[in-house]
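Take a look at the structure set out below.
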Amino acid sequence: MKRKRILVIDGQGGGFGTAIIREIKKEFDEYFEIIAIGTNSIATAEMLEAGANKGATGENAIVVTSNVCDYIIGPLNIIIANSMLGEVTEKMASAISISKAQKILLPITQENILFTCTKKEPLPHHIKDLITIIKNLEGI
């Protein structure tokens, strides 16, 4: 049976993606193939060290891989052009947005965007919610 693919996208230092990958690996072990794509090489290296099965860096990797995965996970910033201090290009944000993959975006942003109807929670709480969403989608 072919494992489903989760694409985790992060930039800057990769801490966000690293935390997500560690929890997915802990919770689901080898149920998913985890592909880590960083907007820069530091983020990619950190996510690979956290246990991603494969990794790549940059715009083209995001554009291509967003079309061959089942889930895309990342901060809300990944669908906002020019976010993450300009690391997310318009082409990246567009490719992620139009991908047929199920997107699970955590409402954490460094941009000038505010959210309604959400609690300001630390990253571990958002990751716990993410794990619950995946379990529900997969019927686990």
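Checking ILE133 against (1) part of a helix (DSSP H, G or I); (2) surrounded by fewer than 16 Cβ atoms within 10 Å (Cβ to Cβ); (3) modelled with pLDDT of 95 or more, only one condition comes out false. Which one?
It fails just one condition, (3).
I'd like to check which helices (runs of 4 or more DSSP H) are fully inside the range 34-121 and have at least 1 residues that are hydrophobic (A, V, I, L, M, F, W, C), in contact with a helix residue (DSSP H, G or I) (Cβ under 9 Å, 6 or more places away or on another chain) and farther than 14 Å from GLY11 by Cα.
Per the criteria, 59-65, 90-98.
Test of understanding: among THR39, THR44, which residue is modelled with pLDDT of 95 or more, farther than 19 Å from ILE134 by Cα and touching a strand residue (DSSP E or B) at 6+ places or on another chain (Cβ under 8 Å)?
The unique qualifying residue is THR44.
Can you tell me which residue within the range 1-33, out of those that are assigned to a helix (DSSP H, G or I) and among the hydrophobic types (A, V, I, L, M, F, W, C), is modelled with the lowest pLDDT?
Checked the range 1-33; the qualifying residue modelled with the lowest pLDDT is PHE16.
For residues that are hydrophobic (A, V, I, L, M, F, W, C) and either in contact (Cβ under 8 Å) with a residue 40 or more places away in the chain or surrounded by 24 or more Cβ atoms within 10 Å (Cβ to Cβ) (or both), scanning just the range 36-67, find the one that is nearest to ILE80 (Cα to Cα).
The residue in question is ILE62.
I need the full set of residues from the range 55-78 which are of a type in the set (A, V, I, L, M) and either closer than 9 Å to ILE37 by Cα or more than 11 Å from the chain's Cα centre (by Cα) (or both), in order please.
Scanning the range 55-78 gives ALA56, ALA61, ILE62, VAL63, VAL64, VAL68.
The values are calculated or read from the model by the stated rules, or taken from the named source; none is laboratory data. Remember, predicted model here, so these are calculated numbers, not experimental data. A quick note on method: Cβ atoms are made from the backbone with ideal geometry, for glycine too, and the neighbour counts reach across all protein chains shown.
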